[in-house]
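A short write-up of the structure that comes next.
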Amino acid sequence: MNGTKLTLARKRSLLGIAFILPWLIGFVLLFAAPLFQSVQFSFSKLTVGLNGFELEGVGWDNFNNAMFVDATFNRILTQSVSEMLLNVPMILFFSLFSATLLNQKFRGRTLARAIFFLPVILASNAIASAESAGLINLVGDASVVNEMGGSTSEYNIMSMVMILSDIGLPISFVDYIVGAIMRIYEIITSSGVQILIFLAALQSVPGSMYEVAKMEGATSYESFWKITFPMVSPLILTNIIYTIIDSFAGSPVTDVIFTTAFETQNFGLSSAMSWIYTVIVGIILVVIGWILAKRIHYN
């Protein structure tokens, strides 16, 4: 009987295999063949005829055209990476701040959590299509009607820049704050899942740790940096990876790739763009994961 019993490590290994088995089956049956075909297309010129399509090998020409000949791909790719580097810290800060507030005990906490998850629903394609068609307005009007004179006046962002500059903040930091304020709608609509992940991590922190810290005279600020932040740090890496992938999944680069393939019928160039995009995203994820993995406290 002892020889037939599974060890704990063996049970965990089988559980891990069972967990990824649906994805693995889907990858083999649905994704592996198109992936291999995409590699073929990226090194070929595709010609559609009556008997199907024919491939003519062109080497690295499609990659060269994507990087050095195409007028828009490089610019949009650089812009997407820059926006990602700006948005990810803002989304993480807002998500952790919101999750910390929602983790407090107050009346109506369940309703508040549901409201903070609404951005995930509002970011759906149905809502976005209705907004772009002018059927709804989620942001509101930028102009405010003067009750006395009836005239309109737009919010002047330069006043905020002058206030922040007058208190001695560096101009680069001022630009970053102003940029965050200008993109507040985008940040909120991208933070729903991250808030839930952080909230789950905060709820797993034992309350006894905070009680001991309070008995020792620790302030709320000290408790956050000594207890809360180290305990949720593994989920910070998870949220960073999720946010990066989510930002790239809906970036204008995917629109350029789609247009190149299905409107200009240049499937070889589109495949090359896709693989360049994939490699860049992979490099960013590996570098960020490698840097943060050394600073994460696993419990």
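The values are calculated or read from the model by the stated rules, or taken from the named source; none is laboratory data. Quantities reported herein were computed from a predicted structural model and do not represent experimental measurements. Positions of Cβ are backbone-derived with ideal geometry, glycine not excepted, and every protein chain shown enters the neighbour counts. When the accessible area is computed, the model is the full protein with side chains, heavy atoms only, and any ligands, DNA or RNA have been set aside. Shrake-Rupley method; radii C 1.70, N 1.55, O 1.52, S 1.80 Å.
Sort through Leu235, Leu285 and tell me the only one that's open to solvent by less than 70 Å² (accessible area, probe 1.4 Å), without any contact (Cβ under 8 Å) to a residue 40 or more places away in the chain and assigned to a helix (DSSP H, G or I).
Answer to the check: Leu235.
Look through segment 258-268, keep the residues that are assigned to a helix (DSSP H, G or I) and open to solvent by 20 Å² or more (accessible area, probe 1.4 Å), and return whichever of them is nearest to Thr72 (Cα to Cα).
Here the answer is Thr259.
Based on what the data block shows, is Ala213 open to solvent by 30 Å² or more (accessible area, probe 1.4 Å) and either out of contact with any Phe, Trp or Tyr (no Cβ under 8 Å at 6 or more places or on another chain) or in a helix (DSSP H, G or I) (or both)?
no
Considering segment 271-282 alone, what residues qualify as being surrounded by 15 or more Cβ atoms within 10 Å (Cβ to Cβ) and without any contact (Cβ under 8 Å) to a residue 40 or more places away in the chain?
Scanning segment 271-282 gives a single hit, Val281.
Of everything in segment 187-207 that's assigned to a helix (DSSP H, G or I) and over 16 Å from Phe94 (Cβ atoms), which residue is most open to solvent (accessible area, probe 1.4 Å)?
Looking at the filtered set, the residue picked out is Gln203.
What about Arg75, is it of a type in the set (D, E, K, R), under 30 Å from Glu186 (Cα atoms) and open to solvent by 90 Å² or more (accessible area, probe 1.4 Å)?
Considered against the rule, which asks whether it is of a type in the set (D, E, K, R), under 30 Å from Glu186 (Cα atoms) and open to solvent by 90 Å² or more (accessible area, probe 1.4 Å), Arg75 comes out as yes.
Quick one: in segment 82-122, of everything that is of a type in the set (Val, Ile, Thr) and at pLDDT 80 or above, which residue is surrounded by the fewest Cβ atoms within 10 Å (Cβ to Cβ)?
Thr100
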